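For reference, the structure discussed in these notes is given below.
The values are calculated or read from the model by the stated rules, or taken from the named source; none is laboratory data. Note that the structure is predicted; figures quoted are calculated from it, not measured. A quick note on method: Cβ atoms are made from the backbone with ideal geometry, for glycine too, and the neighbour counts reach across all protein chains shown.
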Amino acid sequence: MLLSSILVQEFAQEPAAEAHRGFNAGETIIEHVSNSGHDHPLIHLPSAFGIDFSVTKHVFMLWLVAAIVFIIVTWYVRRYLRQDRLIPSGFMNGLEAVVEFVRDTVVQPNVGHKWVNTWAPLILTFFTFILCSNAIGLIPLFDTLALLDRFLFHTSPDSFLNRVIHGGTTATANFNVTAALATITFVSIIVAGSKAHGFVKHWKNIAPHGLNPLIYVILIPIEVIGMFVRPFALTMRLAANMTGGHIAILAILSFVFLFTEMFGRAIAGIGVGMVVSVPLAVGISALELIVVLVQAYVFTLLSAVFIGMAIHVHH
Amino acid sequence: MNNPLVQPDPGLFIWTIVTFLVLLALLSKFAWRPLLKALESRQAAIKKSLDDAQLARQELERLHQESAKIIRQARLDGESIIAQSRSDAERLRGELAQKAKEEADGIIRRAQQQIQLETRLALQQIRHEVVDLSVMIASKLLERNVSKADDQRLIDETLKQIETSRQ
């Protein structure tokens with residue numbers, strides 16, 4: 001899957017002039033999973049308040065995923081709702097099953113019947129958006145574009161296409177993105193608690209009432225730390241899982257080039273690739289399919305659990 | 001902090017929040033809320049139709065039992081009506097036969113009485129006739145003393161006269 005992109009990378013990194021620069025696996029892998037740099041953004045935007053708002057690869061990917069999710073979901077839902085009798089068919093069967101699954105097993109048991117319709121849209125958007133962001137990284141869309149560019153289009157390094165090709169495709173592998181998503185969960189927890197109990201009462205719910213005042217000295221800091229640890233855990237879990245799988249696949253595929261270099265023969269690298277790298281990479285990719293789904297589910301479920309904890313205070 | 005994997009990127013952070021909130025707003029408005037509402041109403045509709053089916057089944061069962069009861073009742077009624085009409089017919093036939101017999105007896109009795117009466121009248125008439133004839137014949141005989149042949153002729157004449165007078 002990513003073999004082609006590494007090939008392209010190799011060709012790109014090896015100008016005809018300097019023949020033996022050597023294959024730097026670490027650099028190549030990092031290049032493939034990290035965001036494109038702010039020095040070469042897709043669209044250059046001015047900084048405001050010291051923040052560079054330029055559209056980098058991951059911003060582009062967020063928009064792409066958001067557009068895909070919005071168009072597909074809205075298209076099928078609208079078509080479904082236009083019918084006189086609500087009979088789902090085709091893709092809508094799956095979408096409806098997902099929506100009902102999220103509503104009935106993720107949202108409902110946590111936030112309770114009263115708040116289902118308030119929080120189901122947020123949780124559903126979390127799930128679909130994160131799932132698609134995760135999954136799009138498994139599709140070698142930009143790697144195919146890179147191949148085409150390399151052998152067919154020959155665009156200049158400054159062209160938009162060339163800038164789109166570089167950088168990781170999985171936006172959720174970037175902890176800035178997952179931190180932003182976790183921040184939305186963090187705010188949602190406060191909003192949920194405030195809506196259910198009132199703003200002041202929500203903050204009083206942080207610790208149980210009627211205990212020895214001395215206990216609060218320990219308890220309140222712990223609860224406040226916990227408040228921040230939860231979104232932090234969400235952030236790191238998702239980003240690390242998404243990065244990890246990609247790095248593993250890329251490292252295994254790097255064997256092809258490392259062995260080629262080691263023995264000075266392409267056949268050595270290709271042999272190792274056929275026997276070891278590709279089967280292993282396929283296996284890890286299959287595993288990634290599960291990870292993609294599970295991580296989207298875990299983020300969604302934990303968000304629902306945290307929101308539910310703010311609504312139903314158990315002490 | 002040279003590793004791009006752990007590079008803080010506030011721009012990306014803010015873009016993510018903006019993108020996600022826009023997507024959330026659009027999807028909520030155009031997809032999730034209408035869909036959730038539709039699913040709920042469909043769920044309600046399914047529940048209602050199941051309840052209705054249950055009610056209809058109970059109603060059907062009740063009607064079934066009722067109709068069975070009605071049929072049973074009708075059969076009993078029919079049997080009792082048949083028995084009743086059979087006994088009625090029996091009774092009526094007996095009555096009719098009795099009546100016919102009485103009538104026939106009456107007719108016979110009346111006929112016998114009539115016959116006796118007629119007979120008596122006839123005998124009386126005969127008697128009167130005989131008396132008249134005898135008187136007539138005797139007077140004729142007394143009027144004329146004639147020979148035996150004459151007597152005979154006289155008798156014949158008289159008889160002839162009687163006969164003609166009768167006619």
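What number of residues within segment A:110-124 satisfy the criterion of being more than 15 Å from B:L27 (Cα to Cα) and touching a residue at least 24 places away in the same chain (Cβ under 8 Å)?
Summing the residues that are more than 15 Å from B:L27 (Cα to Cα) and touching a residue at least 24 places away in the same chain (Cβ under 8 Å) in segment A:110-124 gives 4.
State the number of residues belonging to segment A:143-197 that are buried (at least 22 other Cβ atoms within 10 Å of the Cβ) and polar (S, T, N, Q).
Going through segment A:143-197 one residue at a time, the tally reaches 7.
Pairs only if they're at least six apart or on different chains, beta carbon under 7 angstrom, first in segment B:18-41 and under 22 Å from A:M61 (Cβ atoms), second surrounded by 14 or more Cβ atoms within 10 Å (Cβ to Cβ) and of a type in the set (F, W, Y); list them, first residue then second.
Here the result reads B:T19/A:W63; B:F20/A:F129; B:L23/A:F70; B:L23/A:F129; B:L26/A:F70; B:L27/A:F70, each pair linking segment B:18-41 to a residue that is surrounded by 14 or more Cβ atoms within 10 Å (Cβ to Cβ) and of a type in the set (F, W, Y).
Quick one: is A:T235 buried (at least 17 other Cβ atoms within 10 Å of the Cβ) and closer than 26 Å to A:E31 by Cβ? Give the derivation first.
On the way: buried (at least 17 other Cβ atoms within 10 Å of the Cβ): yes; closer than 26 Å to A:E31 by Cβ: yes.
Taking the combined requirement at face value, the residue satisfies it.
Of the conditions (1) within 30 Å of A:L302 (Cα to Cα); (2) modelled with pLDDT under 80; (3) among the basic types (K, R), A:R103 satisfies every one except a single condition; which number is it?
(2)
Looking at A:I307, A:I252, A:I267 in this structure, which one is exposed (fewer than 14 other Cβ atoms within 10 Å of the Cβ), among the β-branched types (V, I, T) and in a helix (DSSP H, G or I)?
Criteria check complete, one pass: A:I267.
Of all residues in segment A:208-265, which are aromatic (F, W, Y) and closer than 30 Å to A:S133 by Cβ?
Within segment A:208-265, A:F228, A:F232, A:F255, A:F257 meet the criteria.
Is it true that some residue in segment B:7-21 is aliphatic (A, V, I, L, M) and in contact with a His (Cβ under 7 Å, 6 or more places away or on another chain)? Even if it seems obvious, please write down each step before you answer.
To start, the set of residues in segment B:7-21 that are aliphatic (A, V, I, L, M) comprises B:12, B:14, B:17-18, B:21.
This time we only want the ones that are in contact with a His (Cβ under 7 Å, 6 or more places away or on another chain), so: B:12.
Yes, that holds for at least one residue.
From the list B:S28, B:S41, pick out the single residue that is hydroxyl-bearing (S, T, Y) and at the interface with another protein chain (Cβ under 7 Å from one of its Cβ atoms).
B:S28
Residue-by-condition table, conditions (1) closer than 30 Å to B:S41 by Cβ; (2) at the interface with chain B (Cβ under 10 Å from one of its Cβ atoms); (3) among the polar types (S, T, N, Q):
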position	(1), (2), (3)
A:V65	no, yes, no
A:R85	yes, yes, no
A:K114	yes, no, no
A:F126	yes, yes, no
A:L131	yes, no, no
A:I136	no, no, no
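Being of a type in the set (G, A, S) and out of contact with any Asp or Glu (no Cβ under 8 Å at 6 or more places or on another chain) is the filter here; which residues of segment A:169-207 pass it?
The answer is A:A171, A:A173, A:A179, A:A180, A:A182, A:S188, A:A192, A:G193, A:S194, A:A196, A:G198.
In a helix (DSSP H, G or I), modelled with pLDDT under 85 and β-branched (V, I, T), is that true of A:T144?
The answer is yes for A:T144.
Can you tell me which residues in segment B:7-21 are facing chain A (nearest Cβ under 7 Å) and of a type in the set (V, I, T)?
Within segment B:7-21, B:I14, B:T16, B:I17, B:T19 meet the criteria.
Given the condition more than 30 Å from A:M274 (Cα to Cα), in contact (Cβ under 8 Å) with a residue 24 or more places away in the chain and not in a helix (DSSP H, G or I), answer yes or no: does some residue in segment A:167-181 qualify?
Yes: one or more hits.
Within segment A:169-184, identify whether any single residue is more than 14 Å from chain B (Cβ to nearest Cβ) and either at positive phi or out of contact with any helix residue (DSSP H, G or I) (no Cβ under 6 Å at 6 or more places or on another chain) (or both), and answer yes or no. Even if it seems obvious, please write down each step before you answer.
The first filter runs over segment A:169-184 and keeps only residues more than 14 Å from chain B (Cβ to nearest Cβ), leaving A:169.
Next cut, either at positive phi or out of contact with any helix residue (DSSP H, G or I) (no Cβ under 6 Å at 6 or more places or on another chain) (or both) only: none.
Within segment A:169-184, not a single residue is more than 14 Å from chain B (Cβ to nearest Cβ) and either at positive phi or out of contact with any helix residue (DSSP H, G or I) (no Cβ under 6 Å at 6 or more places or on another chain) (or both).
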